[in-house]
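Each remark here refers to the structure printed beneath this line.
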Amino acid sequence: MGFVLAATSFPKAPSFTSGRSSWNSKEYTKNYYASSHVTTLWHKTGIIQKEPCFMMAWPQNLKLHCKVKGGDKRNYVMNAASGKSNEYETQDLDQRNNWGTLINALHVFFKFIRPTATLSLLLGATLTTLIAVEKLSDISAAYFIGLLQVMVVSSCMQVFMAGLNQLYDVEIDKINKPYLPLVSGELPFKNGVIIVATTFILGHLFPLIIGSGPLFWSFVFSSSLAIAYCADLPLLRWKRHSALTALNYIIDLGGVKPLGYVLHMQTYVFKRPPTFSRPLIFCMAMSSVFAIIIAIFKDITDMEGDEKFGIKSLSLHLGKKPVFWICVSLLQMAYVVAILMGTLSPFLWVKIAMGLGHGILASLVSYYANSVDLKSNPAIQSFYMFIWKLLTVEYFLIPLFR
């Protein structure tokens, strides 16, 4: 005798399935029963009536045992969402939230370290180590271990320098660079201090642990120059003056960094006496020119904040247009000198690489510079990023000079 289950007294009933079970089974005595009613429809008589039912609290489902007319006992199993499914959903949501938080934290950190400059200089550190390579057999496991050591110190150096500058320039950056994470509030000030302090300590300790004198002194001098450039202390805060800013950049980018990396590979990795080779001299010369250009050009878009806080940049003295074209002229002169130096090499492939490579770069600079709208700060900032890209390309050409 069939019937149709029309409704129940439970607030939620996702699905019902019919089944058989032993009514006298000992398992039922161990479970909690709740009495209820199920409304049934008796097909033959058309009578709608409620039947007494019992609900069993099974882990995965709910079973309804109803005694219907005629004395028959029937079982109805109501599948219900178990507590485990809710637990899984909560765990999945927590995992997604944690993953989103991690991605956001990495994004903020990436902005904090000024990625364009940092990535360019890290790549430069990598390629500069090739200057110490004298023969093909030097490209060995020892070389790659030495390269990894250079990357650790160089990374600490760049994060420390970029972070320290932002810590001291919060008020200026509110005008010049409001998108930076310390100014926008994405990164709390104390977290910025922790990052800078950690990289400062690690940058000194790591070379001491491995026993590399060149890397240790390279970090000591670079970090000292960064403090002299940024710190608002007597006789420091060199960034207030264009000449001291340029000198700071030349010493660091054109001297300390390439010397430290190359001497580390020569003396610590390859166990050779230090030598000032032609490639090293060429690297220092080109890096020094780019250091001057970057030191001068970076202030063009920062004139408003610099003027308010008493920073005497060359752009404030001469104006945007003259400083822009001074930087472009210095770039072109550097490329001409690089081509001439390439012609003095005894190797034909070096002459071709230096001539063709720097000739193409000089043409790109001329084309791009003539299309820049000097009344637009975003356009000038875009050209500044282009200069960093030119430095990155130069780092690929420098190891080819022999």
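Which of the residues belonging to region 187-236 are of a type outside the set (Gly, Ala, Ser), assigned to a loop (DSSP other than H, G, I, E, B) and either touching a residue at least 40 places away in the same chain (Cβ under 8 Å) or in contact with a Lys or Arg (Cβ under 7 Å, 6 or more places away or on another chain) (or both)? Within region 187-236, Leu187, Asp232 qualify. Can you say whether Ile311 is touching a Gly at 6+ places or on another chain (Cβ under 6 Å) and of a type outside the set (Ser, Thr, Tyr), as far as the supplied structure shows? In short, no.
Do you know which of the residues in region 132-164 that are in contact with a helix residue (DSSP H, G or I) (Cβ under 6 Å, 6 or more places away or on another chain) and surrounded by fewer than 17 Cβ atoms within 10 Å (Cβ to Cβ) is nearest to Val256 (Cα to Cα)? Out of the qualifying residues, it is Val152. When every residue of region 392-401 is checked against the conditions, none turns out to be free of Cβ contacts under 8 Å to residues at least 24 places away in the same chain and surrounded by 15 or more Cβ atoms within 10 Å (Cβ to Cβ).
Counting only residues that are surrounded by fewer than 15 Cβ atoms within 10 Å (Cβ to Cβ) and within 22 Å of Pro115 (Cβ to Cβ), which one in region 370-380 is modelled with the highest pLDDT? Here the answer is Ala379. Look at (1) in contact (Cβ under 8 Å) with a residue 40 or more places away in the chain; (2) of a type in the set (Val, Ile, Thr); (3) out of contact with any Lys or Arg (no Cβ under 8 Å at 6 or more places or on another chain) and you find that Thr245 fails only one, number (3). Within region 135-146, the residues that satisfy the criterion of being in contact (Cβ under 8 Å) with a residue 40 or more places away in the chain and of a type outside the set (Gly, Ala, Ser) are Asp138, Tyr143, Ile145.
Selection over region 348-393 of residues that are part of a helix (DSSP H, G or I) and under 29 Å from Tyr179 (Cα atoms) gives a count of 20. Taken across region 364-382, residues that are within 23 Å of Ala125 (Cα to Cα) and not hydroxyl-bearing (Ser, Thr, Tyr) do not occur at all. Would you point out the residue of region 262-281, among those that are in contact with a Gly (Cβ under 9 Å, 6 or more places away or on another chain) and not polar (S, T, N, Q), that is surrounded by the most Cβ atoms within 10 Å (Cβ to Cβ)? Out of the qualifying residues, it is His264.
Determine, yes or no, whether Gly254 is assigned by TED's automatic domain parsing to the domain that holds Thr129 and on the phi > 0 side of the Ramachandran plot.
Numbers: assigned by TED's automatic domain parsing to the domain that holds Thr129: yes; on the phi > 0 side of the Ramachandran plot: no.
The answer is no for Gly254.
Leu316: at pLDDT below 90, among the aliphatic types (A, V, I, L, M) and outside any helix (DSSP H, G or I), yes or no? Criteria not met by Leu316.
The values are calculated or read from the model by the stated rules, or taken from the named source; none is laboratory data. Here the structure is a predicted model, which is why all the values come from computation and not from measurement. Because the Cβ atoms are built from the backbone with ideal geometry, glycine has one as well, and the counts that use them run over all protein chains shown.
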